[in-house]
Structure formats: structure tokens, C-alpha cells
Amino acid sequence: MALATPVFAASTRGFDVLHYAATLDLDIPAGEVRGEATLRFRADEAPLPRLLLDSGELVIDSATQNGKALAFERADGKLSVTLSEPLRAGAETRVTLRYHGKPGHGLEFAAERNEVYTIFSTSQWMPSVDAPDERATLELALRLPKQLQATAVGQALPSRRLEDGRVEHRWHLRTAMPGYVYGFAAGPYQHAVQSHGRNRLHYYAVDRSPPELRQVFAATGDMLDFFAGRAGLAYEGDYQQALVARTIGQEMAGLSLMSETYGERVLDDPTQLGLMAHEAAHQWWGNRVTCAGWEHFWLNEGFANFMTAAWLQHAQGEEAYQQMVTGWRTRVLALREKGTDRALVFPDWNKPSADDRTVVYQKGALVLHLLRQELGDEVFWRGLRAYTQAHDGRSVVSADFQQAMEAAAGRSLQPFFEMWVYGVGGEV
Ligand SMILES: [Zn+2]
């Protein structure tokens, strides 16, 4: 995933969103979304005069509280809604927003194949909090032409026929999750479903038949089992994967999107499973255990990359693992030659360069490999499991990971973290 959105610091937000309920009308030929979203939120420890949200390029048509119109302002992708009176500390209320827009990113319309899907920036289709440390539950309804299939985060509820002939598809995400892992995909999909233990695995694509989909995603169950074992946390609910027109790969809550081109590549060469494993790994590292701020983004991306290599080692053997390690090392050495190597923890993540991404994604994974070497498999995996279990459903910073690994190792790892996580030292 890739975000360059500046975020409100947790300390200045002043409120906690508890629940979003949104209904979206999606006009694929026009590339337009029209929505109504109700946010239930609670004021923190001080009275709250206004609600400050990310709202991308959306045009806000109205804001109401208990049926009364509220004043609002929009600037620089943010929406400020003045409450009818300051919400007292600890109290809850609801605000309903009506809006529309033709977002330039975050909501992708592939009109040539009658498809629409989200790409990370949830505030481009629903005014919300983009910051990763804000978790809330979600009810989502999508209104679409009747011939389309749709998949989204959360548990599917029965859909209903609208008077105008369209269909309203509905979902309920009952576990509070960060907003950036909300999303959906809709199109004239072919669909395959497989049972895997207590979970059902759903696959969607426009271009692939159900047997092809089963072939592309054949390793999914094994990936989920492997990561669940390493995390010490079972996978909950259904897992859905869709091949969409264009994307780099995207993890959402219980739903991952990859491109049709990637699906084709896996059909041609069934060993090309890295991207699929990366997105599946995010179901634990990224979605359930989430970096508290993008400065600690390596806790999402370095982990997903490292866990991908660990799964490849399990599924395809040592050489596949070592190949990834060599790849990371080469990338980090190249950064050092250019003088663009940096500490894994960033002072901010507002305008990351391609090299900054390499630090987070590739160096992050390499550092986990080096820590595994330093501690040995038994201690490393025990520590990683304890870290994942302790922070399930929570936001984390690098110190949380250090603490869990030190507890497993029974010693301070300060020199290792100083060198590799907070500093730019060490022989790669
Ligand atoms: Zn990722």
C-alpha cells in the first residue's frame, strides 16, 4: 500500500469514531459516487466543538446532527463540521453527511469493464479519519446495476432490490478496523468459493473462469494457516480476493485486491505467489496489528514482506527464502551507495520518496531477517507470536515490538534496535 496523506496527530483529533454507516450510489460510466454517511463518535477528555475529518476531493452537500443543519468548511482535503453545541467530554453523538464526487484516486472506475473498486484512500469515497490509529466498525451499502457482483469488507448481509431496479448490497464489519483497510470491489465478476476449515475463501475476477480462479488462488488456505500459526491467532471469518483492472496489490479487512495481470502471471508460473502471500500476511501484520502512525510503517510493510519470505521458505524451500533476502540486501546496498539509506522509523511520512519506500518495505524485511539470525528461530518466532497476540486489534510503535522480542530473548536488544531500527548502521 502507499499513502502520502498528511494525518491529524492523535493528540489533536479530540474524538474517537466508533462507527460509520454509509450508503453509496455508484455511477460507473460517469465515474461518480454519491453518498450518505453517518458517523457515531465520542469526545475525548475535553469538550469537542467540531469534527475534523479527511474528505479528499469530495463535495459535501450537507451535514446534520439530530436533523438540524450544521455549518461546515472544506479545505485541503479536510472537512471541519461545527457541532450544534460543544460535545461534552466522553459523550457520544451522530453526524450525517451527504456528499458526492468524482475522485481522482482512492476510488477507481474501470468503465471499459463496468468495474469500480477502492484503493486505500477511504476519505475519497467517505469522509472519515485516514490516520491508522483510529479504528471503528462499519456498515456499508452499495447501490449498483443488478447484473454486477460485489465484494467488500465485513460480513455480507442479504442484498435487496431497489424500486429503480438496481440492487443494494450490504455488509457489516463488526470488528473495529482502521479506515484505510475499508473498501470494496464491484463488477461483472465470475466467482469461486472454497471451504477451508471454518473459513470460506472467495475469489472474484472479470477475466477468469471459476476453475482458473481456483488455480490462481490454490495456495490461499495454506498461507492463512501458516500466518495464523506464526501469529498465534486464527484467521477470523471469510477471506476474499479479487483480481481487478489495475492495482499494485492491496490489503483490506478480509479482502485483498490484486490485478488481472497478476492473476495471469500466476497461471503462467504457479510459483509467483509473493504478492498474494504479502496481502494475506497483512491480515495480521497491518490490519489487526497496525502501525500507530505512518512513521512506523515498517511494522506493516517490512513485516508483510518478511512473512512472505517465511511462507515461501515453508512452501517452496530455503532457496526461495534466500532469494528474497538477497533481493532486500541488494536494494539496501544500492540505497547506501546513493546515500539515501535511512532509519526504519521516520520523523514523518508526508512525502515519501521511492527510496523511503525501499527502506520501509525491503530494509524493514531485511532487519527482521537479521533479528531472526541474531536470536535463532525458537526465540524469534516465540517473540513475534507474543508481539502479535499482545497487540491484536491495536496500534503499535516500534518500541512495542522491541519489548516483546526482549521479553522472548531475556535480554536487552537496545544495541540491535539502535543500529537497525532507529539508526543507519550495521553491515548488511
Ligand atoms: Zn503491503
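For this structure, a couple of remarks:
- Residue in the range 376-383 that is out of contact with any strand residue (DSSP E or B) (no Cβ under 9 Å at 6 or more places or on another chain), surrounded by fewer than 18 Cβ atoms within 10 Å (Cβ to Cβ), outside any helix (DSSP H, G or I) and of a type in the set (D, E, K, R) present: no
- When each of 343, 404, 408, 390 is tested for being within 26 Å of residue 232 (Cα to Cα), more than 16 Å from the ligand (Cβ to nearest atom) and touching a Phe, Trp or Tyr at 6+ places or on another chain (Cβ under 6 Å), the lone residue that passes is 404.
- Strands (runs of 3 or more DSSP E) completely within the range 141-246 that count 3 or more residues being touching a Phe, Trp or Tyr at 6+ places or on another chain (Cβ under 8 Å): 149-152, 155-161, 184-187, 190-196, 199-205, 239-244
- Total residues in the range 133-158, condition of a type outside the set (D, E, K, R), under 30 Å from residue 348 (Cβ atoms) and surrounded by fewer than 24 Cβ atoms within 10 Å (Cβ to Cβ): 3
- In the set (1) under 25 Å from residue 111 (Cα atoms); (2) surrounded by fewer than 19 Cβ atoms within 10 Å (Cβ to Cβ), residue 186 fails one condition alone, (2).
- Residue match in the range 36-52 (condition: under 21 Å from the mean Cα position of the chain (by Cα) and of a type in the set (Asp, Glu)): no
- Screening residue 176 on (1) in contact with a strand residue (DSSP E or B) (Cβ under 6 Å, 6 or more places away or on another chain); (2) surrounded by fewer than 23 Cβ atoms within 10 Å (Cβ to Cβ); (3) in the same structural domain as residue 250 (by TED's automatic domain parsing) shows it passes everything except condition (3).
- Residue 230 surrounded by fewer than 22 Cβ atoms within 10 Å (Cβ to Cβ) and in contact with a helix residue (DSSP H, G or I) (Cβ under 7 Å, 6 or more places away or on another chain): yes
- Checked against the criteria, residue 363 counts as in a helix (DSSP H, G or I) and either within 21 Å of the chain's Cα centre (by Cα) or in contact (Cβ under 8 Å) with a residue 12 or more places away in the chain (or both).
- Residue 57 vs. criteria in a loop (DSSP other than H, G, I, E, B), touching a Gly at 6+ places or on another chain (Cβ under 6 Å) and either farther than 23 Å from residue 255 by Cα or within 16 Å of the ligand (Cβ to nearest atom) (or both): yes
- Complete set of residues in the range 29-74 that are among the acidic types (Asp, Glu) and closer than 12 Å to residue 98 by Cα: 36, 61
- Top-ranked residue in the range 93-130 [being outside any loop (DSSP other than H, G, I, E, B) and among the hydrophobic types (A, V, I, L, M, F, W, C); ranked as nearest to residue 179 (Cα to Cα)]: 107
- Subset of the range 65-92 (residues that are of a type outside the set (A, V, I, L, M), in a strand (DSSP E or B) and under 27 Å from residue 106 (Cβ atoms)): 65, 72, 73, 74, 78, 80, 82
- Residue in the range 254-283 that is nearest to residue 220 (Cα to Cα), counting only those that are of a type in the set (Ser, Thr, Tyr) and away from the ligand (no atom under 12 Å from the Cβ): 271
Listed here are the residues, each with its yes/no results for (1) more than 14 Å from residue 291 (Cα to Cα); (2) of a type outside the set (Phe, Trp, Tyr); (3) surrounded by fewer than 21 Cβ atoms within 10 Å (Cβ to Cβ); (4) in contact with a helix residue (DSSP H, G or I) (Cβ under 8 Å, 6 or more places away or on another chain).
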site: 338; (1), (2), (3), (4): yes, yes, yes, yes
site: 341; (1), (2), (3), (4): yes, yes, yes, yes
site: 351; (1), (2), (3), (4): yes, yes, yes, no
site: 359; (1), (2), (3), (4): yes, yes, no, yes
site: 362; (1), (2), (3), (4): yes, yes, no, yes
site: 374; (1), (2), (3), (4): yes, yes, yes, yes
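- Here residue 292 clears all of (1) within 14 Å of the ligand (Cβ to nearest atom); (2) within 18 Å of residue 343 (Cα to Cα); (3) aliphatic (A, V, I, L, M) except the condition numbered (1).
- Looking only at the range 295-308, and only at residues there that are closer than 14 Å to residue 352 by Cβ and under 12 Å from the mean Cα position of the chain (by Cα), the one that is nearest to the ligand (Cβ to nearest atom): 301
The values are calculated or read from the model by the stated rules, or taken from the named source; none is laboratory data. Quick caveat, the model's predicted, so the values are computed rather than measured. Glycine gets a Cβ as well: all are built from the backbone with ideal geometry, and neighbour counts include every protein chain shown.
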